[in-house]
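All remarks here apply to the structure that follows.
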Amino acid sequence: MKADSVKKEDFGKVDGRTVELYTLTNRRGVEAKIITYGGAVVSLKVPDRNGKLEDVVLGYDHLDDYLKGTSYFGALIGRYGNRIGNGRFTLNGSEYKLAANNGANHLHGGPKASTK
């Protein structure tokens, strides 16, 4: 039986920053592929009722497809999910102003995905 493993490889670049693809595989061969651009799950292979591994998520094989912005297949919502009213918040006595991407509000981490 194989050991659990984690493999890291380059998936492309966004604004000069490398986007990595992590492949996590367990002892039974179940495999998850996740990129550091939006935390998108590119692929998840799990056994069907006959034990054959099948990909069960919608994802793209190339970074350019994620950059087109036509869907958010497999992506996490952002660093949080919800609106920050008026795009501002206070933390430890300091006020932070965020990008307004939902009227005057900041929604789901802003208008542009992060590579980290």
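Other residues whose C-beta falls under 9 angstrom from the C-beta of Glu20 contribute a net charge of -1, scoring Lys and Arg +1 and Asp and Glu -1.
Within the listed set Ala32, Ala75, Ala99, the Gaussian network model of the chain (springs between alpha-carbon atoms below 10 Å) gives the highest mean-square fluctuation for Ala99. Taking a Cβ cut-off of under 11 Å around Ile34, the surrounding Lys, Arg, Asp and Glu residues balance to a net charge of 0, with basic ones at +1 and acidic ones at -1. Among the listed values [x] 43, 18, 10; [y] 30, 20, 12; [z] 34, 15, 14, the one matching semi-axes √(5λ) of the Cα gyration tensor in Å as calculated from this structure is [z]. The trypsin sites (Lys or Arg not before Pro) found in the stretch 1-58 that occupy coil by DSSP, while having at most 15 further C-beta atoms within 10 Å, are Lys2, Arg27, Arg28, Arg49, Lys52. Look at the dipole of the chain built from charges on Cβ: of Gly93, Gly12, Tyr22, the Cα furthest out on the positive end belongs to Gly93.
Throughout, read-outs are computed from the coordinates displayed, never taken from laboratory work. Predicted model only: the values in this text are computed from it and were never measured. Methodologically, a virtual Cβ is constructed for each residue, glycine included, from the backbone with ideal geometry; neighbour enumeration extends over all protein chains shown.
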